[in-house]
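Where a number appears in this text, it was derived from the coordinates with a stated rule and is not lab data. Everything numeric here is computed off the predicted structure, so don't read it as measured data. Backbone-built Cβ (ideal geometry, glycine too); neighbour counts: all protein chains shown.
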Amino acid sequence: MTDAALKDLQTFLTANQVKGSAPDLQTYGKDWSIYHAANPSLIVFPENEKNVVDLVLWARKHKVPLVPSGGRTGLSSAATATNKEVVVAFDRMNQILDFNETDLVLTVQPGVITETVQNFAEEKGYYYPVDFAAVGSSQMGGTVATNAGGVKVVKYGLTRNWISGLKVVTGAGESLYLNKSLKKNATGYDLRHLLIGSEGTLGFFTQIEIQLTNQPKELKVLVLGLEHLENSLDVFRTFNKKMSVTACEFFSHQAMEKVLAAHAKLSAPFETQASFYLLLEVEQTGEGSAELIEALFSDCFENGWVSDGVISQNSQQSENFWSLREYISESISPFTPYKNDVSVRVSRAPEFVKTTQEIIQKSYPDWEVIWFGHIGDGNLHINILKPKDLSREEFIKKCQGADDLLYQQIAKYDGSISAEHGVGLAKKKFLHYSRSPEEIEILKQIKKIFDPDNIINPGKIF
Ligand SMILES: Cc1cc2nc3c(=O)[nH]c(=O)nc-3n(C[C@H](O)[C@H](O)[C@H](O)COP(=O)(O)OP(=O)(O)OC[C@H]3O[C@@H](n4cnc5c(N)ncnc54)[C@H](O)[C@@H]3O)c2cc1C
């Protein structure tokens with residue numbers, strides 16, 4: 001960065017809004033993913049929309065690329081600065097601005113932590129249904145930029161479903177106020193939805209308006225043992241037809257073993273060992289619900305779909321069952337997992353797991369593969385654990401070699417190479433497996449309109 005650019009920066013940011021120490025550059029320079037090293041030139045902390053506009057105009061003038069950064073829990077290197085970019089961190093734009101109980105709209109700044117939104121909603125007697133293992137550190141700006149999914153998508157959908165309005169500063173430095181929390185707005189293209197999931201490549205979110213909803217009624221959690229993953233869909237259909245299913249997750253026995261090894265306080269839900277476990281969460285909507293759950297559970301058992309199972313009897317037990325699923329990412333992280341997050345149509349998910357596992361095992365017989373994910377919405381997380389004798393670099397290289405095999409499978413199944421973690425830097429060279437050349441060309445044209453000088457998150461997605 002030139003001296004002139006630095007001097008110019010100091011005309012609109014105070015000294016304490018700029019950080020450049022080596023530890024700060026490392027901390028703020030990358031997300032959770034392991035594939036790319038952090039190499040930013042500076043970290044800046046805007047405190048209001050005007051700071052963001054000034055930053056964009058400054059970046060255009062001095063040709064300095066900017067990387068928007070939230071809670072840095074992203075898994076695709078979309079918030080990683082590898083090339084001397086300036087990281088724009090939203091930690092100080094972290095205020096709840098307004099709650100309108102008639103509209104049920106909560107207005108926040110982008111740096112508000114996702115869990116803070118969940119807690120605020122709960123305190124007011126309402127509900128924000130986007131939920132995943134990183135809610136305690138991800139920021140709303142990051143979740144909107146990735147269109148985060150998580151464990152409740154099967155009933156409530158993705159982040160996109162809950163964003164009623166957005167204020168954005170584009171790469172041209174223009175401020176836009178999109179949809180303004182209108183329920184009905186038939187005025188042409190909905191730019192709000194274009195910005196949601198854009199991975200910080202089109203603009204910076206400076207204000208987010210969130211549609212809250214009513215709290216679910218009492219929830220029950222079931223953990224069911226399965227020998228054959230295809231039976232997970234028989235179970236899902238059986239419950240979904242009669243009840244409101246709020247989560248439908250699966251994990252392999254190997255995944256559970258890793259969680260139990262890392263968390264001595266947790267125990268297996270039942271003694272019978274199964275190849276896979278299905279975690280179902282259902283809403284008890286009224287009298288007779290408890291009996292209905294037991295009857296459906298018996299049906300699944302009698303049909304031979306499940307080998308064993310438990311139904312939570314209190315909230316502590318529900319929490320313990322959820323921990324078996326929620327702690328997987330954290331429990332396998334010491335094994336340097338190479339993560340893939342893919343999706344296929346729900347009805348094809350079990351078959352996809354089976355055929356893909358066969359392909360991986362044939363090519364890489366020594367690899368330990370941990371499968372888990374949101375099977376109720378067709379989203380599968382494939383985690384390859386690093387063998388002890390391979391260096392991290394060798395391991396990543398080999399895994400990237402295996403990616404082509406995996407994504408050829410995905411293309412065969414008409415699936416997506418990234419279900420909810422985004423493309424970022426990590427998946428961009430594989431985008432062609434999920435998007436046609438014509439589509440990618442349109443995406444590039446859109447980027448040019450929003451960001452004519454290519455200064456916001458350049459090189460991400462494509
Ligand atoms: C243990 C674990 C479990 C996870 N589980 C899930 C899951 O179940 N479902 C799921 O969807 N994800 C999951 N994730 C991934 C991650 O938490 C989500 O992608 C989350 O939405 C990222 O939010 P963040 O604030 O950390 O964003 P970051 O990682 O900081 O950034 C993500 C993207 O948002 C952009 N961005 C950030 N702030 C802004 C802003 N104000 N304006 C414009 N762009 C911005 C960045 O440039 C980047 O492109 C998980 C991650 C971990 C570590």
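Jot down the per residue volume, in cubic angstrom and as a whole number, of the convex hull over the alpha-carbon atoms of the chain.
With only Cα atoms used, the chain gives 156 Å³ per residue.
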Grab the eigenvalues of the alpha-carbon gyration tensor for region 216-259, scale each by 5, take roots, and send me the semi-axes largest first in whole angstrom. 21, 15, 7
Cα centroid separation, region 394-462 to region 108-140 (Å): 28
What is the sum of charges around Leu75, taking Lys and Arg as +1, Asp and Glu as -1, for the other residues whose C-beta is under 11 Å from the C-beta of Leu75? 0
So which chymotrypsin sites (Phe, Trp or Tyr not before Pro) in region 179-234 end up in coil per DSSP with only 13 or fewer other C-beta atoms within 10 Å? Tyr189
Using DSSP to call loops (not H, G, I, E or B), can you name the trypsin sites (Lys or Arg not before Pro) in region 339-368 whose Cβ has at most 14 other Cβ atoms within 10 angstrom? Arg345
Grab the other residues whose beta carbon is less than 15 angstrom from that of Gln313, score K and R as +1, D and E as -1, and report the net. -4
Spelling it out for Ala79: with amide H atoms placed in the peptide plane at 1.01 Å from N, the residues 5 or more places away or on another chain with amide H under 5 Å from its amide H are Asp31
If one compares the long axis through the Cα atoms of helix 349-363 with the longest principal axis of the Cα atoms of the chain, the angle in degrees, nearest 10, works out at 80
Nearest 20 debye, what's the magnitude of the dipole of the chain about its Cα centre given +1 on Lys and Arg Cβ and -1 on Asp and Glu Cβ? 1540
To the nearest 10 degrees, the tilt of helix 289-302 (Cα long axis) against the first principal axis of the alpha carbons of the chain is 70
DSSP loop GluC sites (Glu not before Pro) with at most 10 other Cβ within 10 Å: longest gap in the chain: 1-270
If you take every DSSP beta bridge whose two residues both sit in the chain, what share of them, in percent to the nearest 5, is antiparallel? 90
Charge context of Glu326, other residues only, Cβ under 10 angstrom, K/R +1, D/E -1: -3
State the dimensionless ratio Rg/Rh of region 242-349 (Rg: radius of gyration of Cα atoms; Rh: Kirkwood radius). 0.98
Only counting other Cβ atoms within 10 Å, I'd like Met256, Met1 sorted with the fewest neighbours first. Met1, Met256
How far, in degrees from 0 to 90, does helix 437-450 lean away from the longest principal axis of the Cα atoms of the chain, to the nearest 10? 40
Rounded D (µm²/s) - region 386-462, Kirkwood Rh over Cα pairs, Stokes-Einstein at 20 °C, 1.002 mPa s: 151
Rounded to the angstrom and largest first, Cα extents along the principal axes for region 137-214 equal 36, 31, 17
Starting from a Cα-only point model with no solvent, please compute log10 I(q)/I(0) by Debye for region 312-462 at q = 0.09, 0.17, 0.18 1/Å. -0.36, -1.06, -1.13
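If each residue of separation counts as 0.36 nm, what is the full-extension length gain between Tyr189 and Ser21 once their alpha-carbon separation is subtracted?
Taking 0.36 nm per residue and subtracting the Cα distance, the gain is 56.1 nm.
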